[in-house]
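J.: Just dropping this structure here.
The values are calculated or read from the model by the stated rules, or taken from the named source; none is laboratory data. Predicted, not measured: the structure shown is a model, and the values here were computed from it. All Cβ positions, glycine included, derive from the backbone under ideal geometry; neighbour counts span all protein chains shown. What goes into the accessible areas is simple: the full protein's heavy atoms, side chains included, and nothing from ligands, DNA or RNA. Shrake-Rupley method; radii C 1.70, N 1.55, O 1.52, S 1.80 Å.
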Amino acid sequence: MSDKNEWGDLPTALSQLLNRRFEHIVVFSGAGMSADSGIPTFRSGSNGLWGEFDPQQLATPDAWQRDKETVWGWYEWRRGHVMAATPNPGHVAVARLQREFGAQVVTQNVDDLHERAGVQGALHLHGSLFAARCDRCGARATLNAPPPEAQRRLAPTTCAVCGKGSIRPGVVWFGEQLDDEVVNAAAQRIADCDLLLIVGTSGVVYPAAGMVRLAPEDAVIVEINPQPGDVAARVDFRWQTTAAAGLPAVAARLAARH
Ligand code: BJW
């Protein structure tokens with residue numbers, strides 16, 4: 001059952017769950033958050049030129065060691081794709097939740113669409129497409145505009161600092177450790193929340209997926225996903241809808257309550 005009203009098609013049970021004042025809202029987002037902006041998710045969606053590759057095979061240190069040009073070409077294509085995309089109504093709603101209620105964001109995404117919607121201080125558990133660094137000395141590198149046409153293979157530049165390493169994507173690959181400071185700050189946010197919105201994640205990649213378990217027992221936990229994933233936490237309400245449809249309705253509902 002849903003209430004068709006000023007906050008859209010919000011299911012009645014969810015509307016009731018949100019009928020209280022929340023002081024510490026956390027949005028925990030995954031690739032589905034950006035799907036409505038045309039960014040392919042990690043485990044579904046079209047990877048264009050790279051359609052025949054399994055992203056899980058490209059996002060590894062082994063793939064980088066084996067074939068830097070294919071991996072760099074893939075990441076530069078993705079960076080260009082993200083730069084051409086715009087935040088969707090879901091990102092805009094998260095920015096509203098931050099502006100009006102101080103919501104904080106913990107994301108697994110490597111795009112910058114939360115920021116471009118106006119969110120500040122998002123914690124990126126898996127790094128960023130825009131924070132390239134040397135694979136040898138770790139020095140940060142400034143990236144030029146990605147090539148206008150997708151390049152199947154693209155040679156990474158040589159590090160200007162050490163002159164030996166190659167510039168690699170500033171993301172966390174399988175088998176690599178997440179940044180401790182980012183993980184600790186994210187854990188603190190989730191442990192302090194009273195409303196956790198888990199949006200667009202399959203919940204299969206650890207340790208990120210397990211962090212939602214840190215939410216306090218009395219926090220309200222809502223999942224927004226058209227095909228609910230394997231989220232590791234107790235969930236009070238699973239809303240099978242998209243980020244672009246669900247988050248604006250949630251923000252409007254909270255605004256009506258406060
Ligand atoms: C919509 C929608 C719409 C669609 N609206 N929703 C414990 C158990 C088993 C394995 C492990 C474990 N602990 C660690 C591991 C190993 C591994 C792992 O988890 N493997 C599993 C796959 C089995 N983890 C790691 O290797 C991590 N490192 C680590 O553990 O280090 C330990 C270590 C210790 C000491 C020394 C050294 C190491 C690192 C994980 C890094 C993950 N990196 C990636 C790539 C980032 C760069 C890149 O983008 O290329 O991060 S993998 C990829 O998955 C990416 C994502 O952030 C991440 C999560 O995916 P996400 O966001 O959930 O996306 P999808 O595609 O899976 O799901 C999309 C969802 O959206 C779906 O549910 C749709 O239904 C939904 N959706 N449209 C809303 N419109």
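J.: Of all residues in the range 50-66, which are among the hydrophobic types (A, V, I, L, M, F, W, C), within 11 Å of the ligand (Cβ to nearest atom) and not in a helix (DSSP H, G or I)?
T.: Result: A59, single match.
J.: Regarding the range 186-208, can at least one residue be identified that is assigned to a helix (DSSP H, G or I), more than 30 Å from Q16 (Cβ to Cβ), more than 6 Å from the ligand (Cβ to nearest atom) and open to solvent by 10 Å² or more (accessible area, probe 1.4 Å)?
T.: Scanning the range 186-208 turns up no residue that is assigned to a helix (DSSP H, G or I), more than 30 Å from Q16 (Cβ to Cβ), more than 6 Å from the ligand (Cβ to nearest atom) and open to solvent by 10 Å² or more (accessible area, probe 1.4 Å).
J.: Of the residues that make up the range 37-44, is at least one touching a Leu at 6+ places or on another chain (Cβ under 8 Å) and either more than 11 Å from the ligand (Cβ to nearest atom) or free of Cβ contacts under 8 Å to residues at least 60 places away in the same chain (or both)?
T.: Kept after step one, since they are touching a Leu at 6+ places or on another chain (Cβ under 8 Å), are these residues of the range 37-44: 37, 39.
Filter once more, keeping what is either more than 11 Å from the ligand (Cβ to nearest atom) or free of Cβ contacts under 8 Å to residues at least 60 places away in the same chain (or both): none.
No: zero hits.
Conditions tested, residue by residue: (1) more than 11 Å from the ligand (Cβ to nearest atom); (2) more than 28 Å from I224 (Cα to Cα); (3) among the acidic types (D, E).
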residue: W72; (1), (2), (3): yes, yes, no
residue: G80; (1), (2), (3): yes, no, no
residue: T86; (1), (2), (3): yes, no, no
residue: T107; (1), (2), (3): no, no, no
residue: D112; (1), (2), (3): yes, no, yes
residue: V119; (1), (2), (3): yes, no, no
residue: L123; (1), (2), (3): yes, no, no
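J.: Another question, if that's okay. In the range 224-245, is there at least one residue being surrounded by 15 or more Cβ atoms within 10 Å (Cβ to Cβ), within 7 Å of the ligand (Cβ to nearest atom), assigned to a helix (DSSP H, G or I) and not assigned by TED's automatic domain parsing to the domain that holds R133?
T.: There is at least one residue in the range 224-245 that is surrounded by 15 or more Cβ atoms within 10 Å (Cβ to Cβ), within 7 Å of the ligand (Cβ to nearest atom), assigned to a helix (DSSP H, G or I) and not assigned by TED's automatic domain parsing to the domain that holds R133.
Condition check ((1) modelled with pLDDT under 90; (2) open to solvent by less than 40 Å² (accessible area, probe 1.4 Å); (3) of a type in the set (G, A, S)) across all residues:
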{"site": "V27", "(1), (2), (3)": "no, yes, no"}
{"site": "S34", "(1), (2), (3)": "no, yes, yes"}
{"site": "F42", "(1), (2), (3)": "yes, no, no"}
{"site": "Y75", "(1), (2), (3)": "no, yes, no"}
{"site": "R78", "(1), (2), (3)": "no, no, no"}
{"site": "V82", "(1), (2), (3)": "no, yes, no"}
{"site": "V94", "(1), (2), (3)": "no, yes, no"}
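J.: Quick check on P169: is it over 30 Å from T241 (Cα atoms), open to solvent by less than 80 Å² (accessible area, probe 1.4 Å) and more than 20 Å from the chain's Cα centre (by Cα)? Even if it seems obvious, please write down each step before you answer.
T.: Working: over 30 Å from T241 (Cα atoms): yes; open to solvent by less than 80 Å² (accessible area, probe 1.4 Å): yes; more than 20 Å from the chain's Cα centre (by Cα): no.
Here the answer is no, as P169 does not meet what is asked.
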